[in-house]
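Read the structure below first, then the notes.
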Ligand SMILES: Cc1ncc(C[n+]2csc(CCOP(=O)(O)OP(=O)(O)O)c2C)c(N)n1
C-alpha cells in the first residue's frame, strides 16, 4: 500500500536527521567503527520499502540505517546498536553495518560487497519451495555488480524463477571508483537484462518516481513469481564512510546532485501542491528531531553487555570450542 | 567377515546416499542442492537415483556457482528449509568461503542470536588418488578454525549414514567432510540404521601403551598401524575424533592420561593444522601425564604432487604412523 507524499517525506526526514546525528555522535566518539551514511539516497529505501508488505523480506548492505528505519524498526533500537548496547537491534553485537531484525524480516546488514545477494536468492527459494507468495528485496550498490556473487545470484534467480527484487542503488561511486572505471557496460539495466530479467532504471532522487517504479517492480515480481532488477540512480552526498576524505569527486559534481536533494524535491512539491505549508514542514522536522533526541537518550542510557557473556551467540548449543 | 542378521554391509557411498534418502523421506523441508547432484548422480555417485525418487525440486542441479548456491542454501535455511548443499570437492569450497565464513558462521552472532542457519554442507576431501595439487586438499582444520561452524569427519559406514540426520537437526551450520578414499570402503551398518551423535570422539580400538588420535580418511591407516604395532608388542589405542569442531577433549585426554603417550595423525598439512591444534591441547591439558613428547604425522608441506610415489611420500602412511608410535614408546631414537 502506498503511503502519501507527506508520510514518504517524513520517512526520508527521519533517516536524514538520524544520520546527521550519527555523524555528530561519531565526531564525539560516542559511535565507533565503520559508519556509512545514506544521506542523499533516502528516497530509494523509502520508495521501495513502502511497497513491501510485512511478510516480504529485506536484505541490505552495510549502508542500511535508512532501510532499517524505513522498515519500521524502532529508532531507539537502531541508535542503541550504533552504541553497541544490549538494547540494540542486534543486541549490540553487530553495530552500524549489521542491523538485523527478525520480526520485520530484516536480514542485515552484510558488509561484504554482494555478499547478501545469494542469501536473498535462498530466501526466495525457500518461499518458492513452500508455496509462499512473498517478495525478497535485496539492496546493493553498483559496485556489487562487478562481483561474481551478483552474477551467480541473478543467474540463479532467473534460472529458477525466484521472487527476488534486485535493487541496485547506483550512487556512481564504489568508494573512490567511479562507475565508468569499474564497469564495461555502464547501463546497468542492460547488463542485468542479459540474464533475461526484466530490468529498468528510475530516478532515485525523486521519492514519488521511486515509489512508482517500485510499485511496478514489486507487482511484477509478485505476478510473475520471477526476479526483477531495478536501478535507482542516486548519489551519496557524504563520503563513503566516516574514514573517507572524499578526494575522488569534484565539488561541483556533489553540488549539482545536492540541487536534487530528495528531501527538498519532496518538500517543494508538498508546498506547490498545497498539501503542506512551511509551518507544517517545520512541525514534522521538530517531531522527527525529538524522536532522534529520544533515541540518543535511550542509547546513552543503554547497558553494555557483560564481558562474561563474550562467547554468546556463536552457536545455539553454548560454548565448546 | 561374518554378517550378523542385524547388520547390513554396504559401501560408504551407499551409506551416505541412504542417509540422504532417509532424511528426505522423513522431512519435506530437506532438499539436496549442488553441482551435478541430479542427472549425473553426484560427482562421486553419492546421489545416484535420488533425482528419480524425489524430483528436480528437491534434488536440485545448480550451475557452477559455488558462492551463489551455498549462499542460497543459507537463505533457504533461514526461510525454513533444511538444505543439504553438496560442494563437489573441498577445493571448490574456497569459491564459497565468503558465504561459509562471512555469512553462515557469523549470522547468529552478529544478529545477536536472532538468525541461526540450519544448513548442512557436504564436501569430499583428501588426497591419495593422484589428482594433483588442486584436487587433493584436506582443509578440515581450516574450517574447524571458524567459530560458528560445526565440522564433522565421518570415517565409518555407520557415521557416513548417521551423522547427516543429526547434522540436519543442528540449528547451526554443519560442514561434513567425506574423504574420497572412503566411498568404496565397505562396512557394517547396524539395523535399523539410526542417527548418531556429532558431539563425541570414539575409541575405535582399545590399547594401553599409546593413543593414536585421528579422523576421517586416516582412521583406516591408524587401525592398520595398530595391528602392526600389536604384533610388535605395542598396544595402541585408536581414537576417531569424528567431530573436529567442537573437539571432544574429554575422550582424548582420558585416553592420554592413561596411556601417557600420544601421536596425532591428520592428512592436513602439518603447520597450523588440525594436528597442531590437537597436539597443543594434549600438551596443555595432559602435560604432567605425558611420558614422551606428543608426536604428529601429517602431510608434508608441499602442494600434493601428481606422481604416485611423491604423493604417497607426502601423505601420512602406515609406516610413518608406526615409526611415530615407536618413537613415542622409546623403541626408536
Ligand atoms: C568483497 C568486498 N570487497 C571490498 C570491500 C570494501 N568496500 C566496502 S564498500 C566498497 C564500495 C562498494 O560500493 P557499492 O557497491 O557501489 O556500494 P556503496 O558503498 O556505494 O553503497 C568497498 C570496495 C568489501 N566490503 N567487500
Legend entry - In the stretch A:152-175, residue farthest from the other protein chains (Cβ to nearest Cβ) [restricted to those that are touching a residue at least 40 places away in the same chain (Cβ under 8 Å), surrounded by fewer than 22 Cβ atoms within 10 Å (Cβ to Cβ) and more than 9 Å from the ligand (Cβ to nearest atom)]: A:161
Inset, instruction - Would you confirm whether any residue within the stretch A:116-127 is over 19 Å from residue B:84 (Cα atoms) and within 14 Å of the ligand (Cβ to nearest atom)? - result: yes
Legend entry - Residues that are in contact (Cβ under 8 Å) with a residue 24 or more places away in the chain and either surrounded by 24 or more Cβ atoms within 10 Å (Cβ to Cβ) or under 17 Å from residue A:75 (Cα atoms) (or both), drawn from the stretch A:99-114: A:99, A:101, A:104, A:105, A:106, A:107, A:108, A:109, A:110, A:114
Inset, instruction - Residues that are surrounded by fewer than 19 Cβ atoms within 10 Å (Cβ to Cβ) and touching a helix residue (DSSP H, G or I) at 6+ places or on another chain (Cβ under 7 Å): find the strands (runs of 3 or more DSSP E) completely inside the stretch B:231-298 holding 1 or more of those. - result: none
Inset, instruction - Taking residue B:279 as the residue in question, decide whether it is more than 14 Å from chain A (Cβ to nearest Cβ), farther than 30 Å from residue B:164 by Cβ and at pLDDT 95 or above. - result: no
Inset, instruction - For the stretch A:15-23, state whether one or more residues are within 14 Å of another protein chain (Cβ to nearest Cβ), assigned to a helix (DSSP H, G or I), within 16 Å of the ligand (Cβ to nearest atom) and modelled with pLDDT of 95 or more. - result: no
Legend entry - Criterion (within 16 Å of the ligand (Cβ to nearest atom) and at positive phi) met by exactly one of A:108, A:72, A:84: A:108
Inset, instruction - Go through (1) more than 23 Å from residue B:297 (Cα to Cα); (2) touching a helix residue (DSSP H, G or I) at 6+ places or on another chain (Cβ under 7 Å) one by one and return the number of the condition residue B:169 breaks. - result: (2)
Inset, instruction - Report, by residue number, each residue of the stretch A:51-69 that is more than 16 Å from the ligand (Cβ to nearest atom) and either over 22 Å from residue A:13 (Cβ atoms) or not in a loop (DSSP other than H, G, I, E, B) (or both). - result: A:53, A:54, A:55, A:56, A:57, A:69
Legend entry - Residue ID - farthest from the other protein chains (Cβ to nearest Cβ), chosen from residues in the stretch A:176-195 that are surrounded by 14 or more Cβ atoms within 10 Å (Cβ to Cβ) and more than 11 Å from the ligand (Cβ to nearest atom): A:186
Inset, instruction - Take the stretch A:86-98 and flag every residue that is touching a residue at least 40 places away in the same chain (Cβ under 8 Å) and within 14 Å of the chain's Cα centre (by Cα). - result: A:96, A:97
Legend entry - Filter result for the condition that a residue is more than 13 Å from the ligand (Cβ to nearest atom) and assigned to a loop (DSSP other than H, G, I, E, B), over A:90, A:96: A:90
Inset, instruction - Taking the residues in the stretch B:155-173 that are within 14 Å of chain A (Cβ to nearest Cβ) and assigned to a loop (DSSP other than H, G, I, E, B) as candidates, determine which candidate is nearest to residue B:122 (Cα to Cα). - result: B:173
Inset, instruction - Of the conditions (1) more than 14 Å from the ligand (Cβ to nearest atom); (2) surrounded by fewer than 20 Cβ atoms within 10 Å (Cβ to Cβ); (3) more than 7 Å from chain B (Cβ to nearest Cβ), residue A:147 clears all except one; give me its number. - result: (1)
Legend entry - Subset of the stretch B:115-154 (residues that are within 14 Å of another protein chain (Cβ to nearest Cβ) and assigned to a loop (DSSP other than H, G, I, E, B)): B:115, B:116, B:117, B:118, B:119, B:145, B:146, B:147, B:148, B:149
Legend entry - Selection count where residues are more than 21 Å from the chain's Cα centre (by Cα) and more than 22 Å from residue B:252 (Cβ to Cβ), scope the stretch B:302-329: 9
Inset, instruction - Quick one: which residue in A:48, A:59, A:44 is touching a strand residue (DSSP E or B) at 6+ places or on another chain (Cβ under 7 Å), under 19 Å from residue A:269 (Cα atoms) and in contact (Cβ under 8 Å) with a residue 24 or more places away in the chain? - result: A:44
Inset, instruction - Check off (1) in contact with a strand residue (DSSP E or B) (Cβ under 6 Å, 6 or more places away or on another chain); (2) within 14 Å of chain A (Cβ to nearest Cβ) for residue B:284 and give me the number that stays unchecked. - result: (1)
Inset, instruction - Say whether the condition of being within 20 Å of the chain's Cα centre (by Cα), within 16 Å of the ligand (Cβ to nearest atom) and over 14 Å from residue A:172 (Cα atoms) is met by at least one residue in the stretch A:221-237. - result: yes
Inset, instruction - Could you please find all residues in the stretch A:74-87 being more than 12 Å from every other protein chain (Cβ to nearest Cβ), part of a loop (DSSP other than H, G, I, E, B) and farther than 17 Å from residue A:37 by Cα? - result: A:74
Inset, instruction - Would you check if there is a residue in the stretch A:267-281 being within 14 Å of another protein chain (Cβ to nearest Cβ), farther than 28 Å from residue A:31 by Cβ and without any contact (Cβ under 8 Å) to a residue 60 or more places away in the chain? - result: no
Inset, instruction - From (1) surrounded by fewer than 20 Cβ atoms within 10 Å (Cβ to Cβ); (2) under 23 Å from the mean Cα position of the chain (by Cα); (3) in contact (Cβ under 8 Å) with a residue 40 or more places away in the chain, pick out the condition that doesn't hold for residue A:247. - result: (2)
Legend entry - Matching helices (runs of 4 or more DSSP H) fully within the stretch B:42-96 where at least 1 residues are within 7 Å of chain A (Cβ to nearest Cβ) and crowded, with 18+ Cβ neighbours inside 10 Å: B:66-78
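The values are calculated or read from the model by the stated rules, or taken from the named source; none is laboratory data. A quick note: this is a predicted structure, and the numbers were derived from the prediction, not measured. In this analysis, Cβ positions are derived from the backbone assuming ideal geometry, glycine residues included, and neighbour counts consider all displayed protein chains.
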